[in-house]
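The values are calculated or read from the model by the stated rules, or taken from the named source; none is laboratory data. The structure presented is a predicted model; accordingly, all values stated were derived computationally and were not measured. Here the Cβ positions follow ideal geometry from the backbone for every residue, glycine too, while neighbour counts run over all protein chains shown. For accessibility, only protein heavy atoms count, side chains too; no ligands or nucleic acids. Shrake-Rupley method; radii C 1.70, N 1.55, O 1.52, S 1.80 Å.
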Amino acid sequence: MSDTAILINTAVAVAAIVVLIVRFRFNPVVALVLGSCYLGLSAGLGAEETVTAITKGFGDIMAEIGLLIAFGVLMGAVLRDLRAIERLVDALLRAVGPRRIPHAMALTVATFLQSIFLDVLLVISAPLARAIAPKLGRYGTARMATALAIGLECGIVFTVPGVGALALAALLHVPLGTYLFYGLVVVIPTVAISISVTTFALTRGWWKPEVDELPLPDTAAAPAAQVRSEGPGTLAAPSTRRQAPLLLLFTPLLVSLVLIAAGALADVLEWKNPVVSFLSSPVVALMLGLVGTCFIGRRFIGQPAVEESLGRGLRDSGQILLLNGVGGCLAGVIQQTGLGDILGKHFAADTWAPLVLVWLMAAVLHVAVGSVTISAITSAGLLAPLAPVLGLDPVLIALAAGAGSLFMVHLTSNTFWLLQSLLGQTTRGTLKTCSAGVSVASVVAMGPVLALSLVL
């Protein structure tokens with residue numbers, strides 16, 4: 001089959017996936033598999049090879065990230081019931097004060113809290129952000145909503161063990177330690193700069209509380225998380241149980257990340273040690289983190305509560321696993337069609353052009369579909385074959401796909417509506433804080449990514 005025919009059929013497959021999800025309300029899992037089937041058959045792979053590519057693609061990505069996602073979600077479920085997030089926000093507020101809390105909270109959400117399922121993290125942290133907002137003056141809601149939106153969405157795709165980051169690393173065969181390091185290099189300045197830029201615009205006349213905010217109900221000071229104000233810089237929640245030291249709660253997660261980073265450092269230094277290699281493997285590192293978190297949970301909330309937390313975590317992880325797995329289906333079929341060689345002819349030795357193309361493709365897919373994860377893994381899967389053809393470091397493609405997938409979080413996103421309702425914004429206000437704020441982050445993130453392309 002000609003190169004032109006393969007390119008056209010690939011475009012038709014991606015367009016069909018978008019139409020099935022947006023127009024006909026197909027489940028993304030079903031739509032991605034149908035698109036993969038069409039591409040394989042139309043590209044001349046034949047029925048048997050198409051099915052083999054689909055199942056192998058699913059199996060390959062599950063082998064890489066299945067246990068990682070499960071361990072991360074389960075760890076986050078136990079931390080949730082230990083009230084770790086509320087207490088961490090309380091500690092941040094006391095440490096940095098109201099003026100700096102938006103940046104501090106966003107950076108914390110984008111980095112240390114990515115083991116927690118997004119919707120759960122949002123439902124817990126949004127009431128805390130709303131309780132803090134009045135302490136920040138007229139633009140408090142705008143500042144906290146912007147910070148939370150940017151921190152949440154950037155963390156998904158740039159920070160291990162965020163589900164988007166795990167999927168991107170697996171699709172492009174990037175070691176998790178490597179992705180952890182370069183993801184942090186990108187996410188920290190991206191979050192800090194994006195919040196500052198968006199906040200500057202909002203506080204210079206763009207944000208109008210009378211039309212961008214909903215009236216604050218009397219009960220807003222004690223929402224779902226049962227937060228109450230205890231002074232000018234403190235949040236707390238009542239508890240009948242003995243509380244664990246805050247550092248102890250997060251120690252297992254931090255140890256897991258340190259072990260993964262140590263493995264990456266050992267690889268760079270070409271130092272081989274069987275014990276280090278075993279403990280620093282991401283599966284073992286996150287498993288140890290989960291075990292440690294469960295032991296802490298047993299001591300402070302009891303074994304029955306831990307079992308209940310794990311049960312909820314298992315239910316949460318099912319959809320995440322399937323969605324990321326079918327992303328591997330599409331990537332597997334694309335690899336068999338030889339799309340990488342075709343695209344490689346058009347980009348020659350230019351490294352910036354394919355990275356910008358990855359960003360643009362992910363951005364367009366996200367505007368159409370409304371899912372950060374789907375747009376990231378689809379665009380990365382489409383252009384992953386470019387990495388070996390161009391000698392381009394795969395981590396750059398993964399990061400560019402993650403950046404593009406953040407563009408224009410809008411009305412089709414569940415995150416958009418949760419931020420709108422939980423933070424007391426009108427739809428117009430949420431378009432400013434969430435849609436515009438995260439879009440700024442999408443563009444800003446390409447600065448560190450392109451800078452990294454000069455040295456990798």
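See the values below:
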{"read-out": "Residues of the range 263-280 satisfying the condition of being small (Gly, Ala, Ser) and in contact (Cβ under 8 Å) with a residue 60 or more places away in the chain", "value": "Gly263, Ala264, Ser280"}
{"read-out": "Options Ile65, Ile54; residue that is surrounded by 15 or more Cβ atoms within 10 Å (Cβ to Cβ), more than 15 Å from Leu382 (Cβ to Cβ) and at pLDDT 90 or above", "value": "Ile54"}
{"read-out": "Residue identified as within 26 Å of the chain's Cα centre (by Cα), surrounded by 16 or more Cβ atoms within 10 Å (Cβ to Cβ) and within 19 Å of Leu247 (Cβ to Cβ) among Leu286, Leu259", "value": "Leu259"}
{"read-out": "Test: residue in the range 144-156 that is open to solvent by 20 Å² or more (accessible area, probe 1.4 Å) and either out of contact with any His (no Cβ under 8 Å at 6 or more places or on another chain) or over 30 Å from Leu286 (Cα atoms) (or both)", "value": "no"}
{"read-out": "Unmet criterion (only one of (1) under 15 Å from Gly328 (Cα atoms); (2) open to solvent by 20 Å² or more (accessible area, probe 1.4 Å)) for Ala16", "value": "(1)"}
{"read-out": "Any hit, the range 303-312, residues being within 29 Å of Tyr182 (Cα to Cα), more than 23 Å from the chain's Cα centre (by Cα) and surrounded by fewer than 14 Cβ atoms within 10 Å (Cβ to Cβ)", "value": "no"}
{"read-out": "So Gly35, is it farther than 30 Å from Arg138 by Cα, open to solvent by 20 Å² or more (accessible area, probe 1.4 Å) and at pLDDT 85 or above", "value": "no"}
{"read-out": "Flag if Arg80 is touching a Phe, Trp or Tyr at 6+ places or on another chain (Cβ under 9 Å) and surrounded by fewer than 24 Cβ atoms within 10 Å (Cβ to Cβ)", "value": "yes"}
{"read-out": "Condition broken by Leu411, with the remaining ones in (1) within 19 Å of Val364 (Cβ to Cβ); (2) modelled with pLDDT of 95 or more satisfied", "value": "(2)"}
{"read-out": "Ala104 vs. criteria farther than 30 Å from Val364 by Cα and either among the polar types (S, T, N, Q) or in a helix (DSSP H, G or I) (or both)", "value": "yes"}
{"read-out": "Selection count where residues are β-branched (Val, Ile, Thr) and either exposed (fewer than 15 other Cβ atoms within 10 Å of the Cβ) or under 21 Å from Arg80 (Cα atoms) (or both), scope the range 262-282", "value": "2"}
{"read-out": "Within the range 114-155, tally of residues that are at pLDDT 90 or above and closer than 21 Å to Leu290 by Cα", "value": "1"}
{"read-out": "Checklist (1) over 27 Å from the mean Cα position of the chain (by Cα); (2) closer than 20 Å to Leu7 by Cα applied to Glu48, failing item", "value": "(2)"}
{"read-out": "Number of the exception - Val123 against (1) among the β-branched types (Val, Ile, Thr); (2) open to solvent by 40 Å² or more (accessible area, probe 1.4 Å); (3) under 17 Å from Ile188 (Cα atoms)", "value": "(3)"}
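Conditions tested, residue by residue: (1) in contact (Cβ under 8 Å) with a residue 24 or more places away in the chain; (2) under 14 Å from Val395 (Cβ atoms); (3) among the β-branched types (Val, Ile, Thr).
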residue: Ala126; (1), (2), (3): yes, no, no
residue: Gly137; (1), (2), (3): no, no, no
residue: Gly155; (1), (2), (3): yes, no, no
residue: Leu176; (1), (2), (3): yes, yes, no
residue: Tyr182; (1), (2), (3): yes, yes, no
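For (1) part of a helix (DSSP H, G or I); (2) closer than 30 Å to Lys208 by Cβ; (3) more than 12 Å from the chain's Cα centre (by Cα), each residue gets a yes or a no:
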{"site": "Arg99", "(1), (2), (3)": "yes, yes, yes"}
{"site": "Gln114", "(1), (2), (3)": "no, no, no"}
{"site": "Thr141", "(1), (2), (3)": "yes, yes, yes"}
{"site": "Leu168", "(1), (2), (3)": "yes, no, no"}
